[in-house]
Amino acid sequence: MNFYIADCHFGHDKARKLDDRPFSTVEEMDEVMIERWNSVVTRKKDEVVILGDFCFGKGERANELLHRLNGKKYLVTGNHDRLFLRDKKFDPSLFEWIKPYAERKDNGRKLVLCHYPIICYNGQYHGDSTYMLYGHVHNTKDYQNVLRFREESTQITYHAKGKAGSIGEERSLACNMINCFAGFSDYRPLTLDEWIRLDLEQRETGDHTKE
């Protein structure tokens, strides 16, 4: 199973308060997030891509968390990961890889992975075969700006290429950008299909708060 999550912010009390997370203390937040992670990521071979801002702490704390979290972990770096990444006591081998940007396949679909939302991403004209997964904006006014851009983008049409270079059918521009903010998934990693369903529910209801 492949899972995705962004902006866990383990150890980050300021994020707990700014997001109005339902935890009394940062210690409680960390323990609940570990429990919820391990409730869905149950096998050693399960893979979890963390889309940035994993931990706001030093190297030893990051090591401890990674040892307690199930599955193979991959890190797409965020702006709040620098503290532990620069710490000599941090063990980078606890991640399968650490990158600022990545592309990968998930059940035949192409994924563009970055901590920051990319409004014009590689494969955007390929419809529902490509998705851009991101974090960083949590559930803020910046996220509302991304949603407005996405909505306006889907109203743009273009002519797909036909055979022998001819003009093909008119299509709407896909803008499959999904904010994998941990707060939307009740602080659990989700599969791509689960994120797609949750995003669709948010679009239909206009509720971009929580699952």
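The values are calculated or read from the model by the stated rules, or taken from the named source; none is laboratory data. These numbers come from a predicted model, not from an experiment. We place every Cβ from the backbone using ideal geometry, glycine too, and count neighbours over all the protein chains shown. Surface areas here come from the heavy atoms of the whole protein model, side chains and all, with no ligands, DNA or RNA. Shrake-Rupley method; radii C 1.70, N 1.55, O 1.52, S 1.80 Å.
Per residue, what accessible area does the chain have, given a 1.4 Å probe and all protein chains present, in Å²?
Working: 10940 Å² over 211 residues.
For the chain, the per-residue accessible area is 52 Å².
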Average Cα contact separation per residue, the stretch 1-139, under 8 Å, 6 or more apart, as relative contact order %
23 percent
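With a 1.4 Å probe and all protein chains left in place, how much of the accessible area of the chain comes from carbon and sulfur atoms, in whole percent? Walk me through the numbers on the way to the answer.
Values: 5380 of 10940 Å².
For the chain, the apolar C and S fraction of the accessible surface comes to 49 percent.
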Magnitude of the Cβ-charge dipole (Lys and Arg +1, Asp and Glu -1) of the stretch 85-137 about the Cα centre, nearest 20 debye, reported as 140 debye
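Over the Cα atoms of the stretch 16-97, compute the convex hull volume and normalise it per residue, giving Å³. Provide the component values of the computation, followed by the final result.
Details: hull volume 7.7 nm³, N = 82.
So the per-residue hull volume is 94 Å³.
Structure shown: which of Lys45/Lys105; Lys14/Lys72; Lys17/Lys99; Lys73/Lys110; Lys17/Lys89; Lys17/Lys110 lie over 24 Å apart, alpha-carbon to alpha-carbon? Intermediate results must be reported in sequence, preceding the final value.
Numbers: Lys45/Lys105 17 Å; Lys14/Lys72 28 Å; Lys17/Lys99 28 Å; Lys73/Lys110 19 Å; Lys17/Lys89 28 Å; Lys17/Lys110 35 Å.
Over 24 Å Cα-Cα: Lys14/Lys72; Lys17/Lys99; Lys17/Lys89; Lys17/Lys110.
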Amide H contacts under 5 Å for Thr130, placed H, 5+ residues apart:
Lys110
Which value at 222 nm does the chain reach when only helices count, each DSSP H run of 4 or more adding -39,500 (n - 2.57), with the total divided by all residues and rounded to the nearest 500 deg cm²/dmol?
-8500 deg cm²/dmol
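Calculate the dipole size of the chain relative to its Cα centre from +1 charges on Lys and Arg beta carbons and -1 charges on Asp and Glu beta carbons; express the result in debye to the nearest 20. Show your work: numbers first, answer last.
Details: 32 positive and 34 negative charges, 157 e Å.
About 760 debye.
Evaluate the Kirkwood expression for the hydrodynamic radius of the chain, namely the inverse of the mean inverse distance over all pairs of different C-alpha atoms, and round to one decimal in Å.
Values: mean 1/r = 0.0558 Å⁻¹.
Taking every pair of different Cα atoms in the chain, averaging 1/r and inverting gives 17.9 Å.
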Compare Ser39, Ser129, Ser24 in a GNM of the chain, Cα atoms joined below 10 Å, and give the one with the largest fluctuation.
Ser24
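Once fully extended, how much extra length lies between Tyr101 and Leu18, figured as 0.36 nm per residue of separation less the alpha-carbon to alpha-carbon distance?
Details: separation 83, 0.36 × 83 = 29.88 nm, distance 2.62 nm.
27.3 nm is the gain from fully extending Tyr101 to Leu18.
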Relative to the longest principal axis of the C-alpha atoms of the chain, give the angle of the C-alpha long axis of helix 141-153, reported between 0 and 90° and rounded to the nearest 10°.
20 degrees
Enumerate the calculated ³J(HN,Hα) couplings along the stretch 190-198 in order (Karplus 6.51 cos²θ - 1.76 cosθ + 1.60, θ = phi - 60°), each rounded to whole Hz, writing x wherever the residue is Gly or Pro.
10, 6, 4, 4, 5, 5, 5, 5, 5
Glu152 accessible area, 1.4 Å probe, all protein chains in place, Å² to nearest 10:
120 Å²
Among the aspartates and glutamates, which fall within straight-line cross-link reach of Lys58, defined as a Cα-Cα distance under 14 Å, with same-chain neighbours fewer than 8 residues apart omitted?
Asp81, Asp87, Asp91
Quick one: what are the phi-derived ³J(HN,Hα) couplings along the stretch 114-123, Karplus 6.51/-1.76/1.60 with θ = phi - 60°, whole Hz, x for glycine and proline?
7, 5, 9, x, 10, 6, 10, 9, 5, x
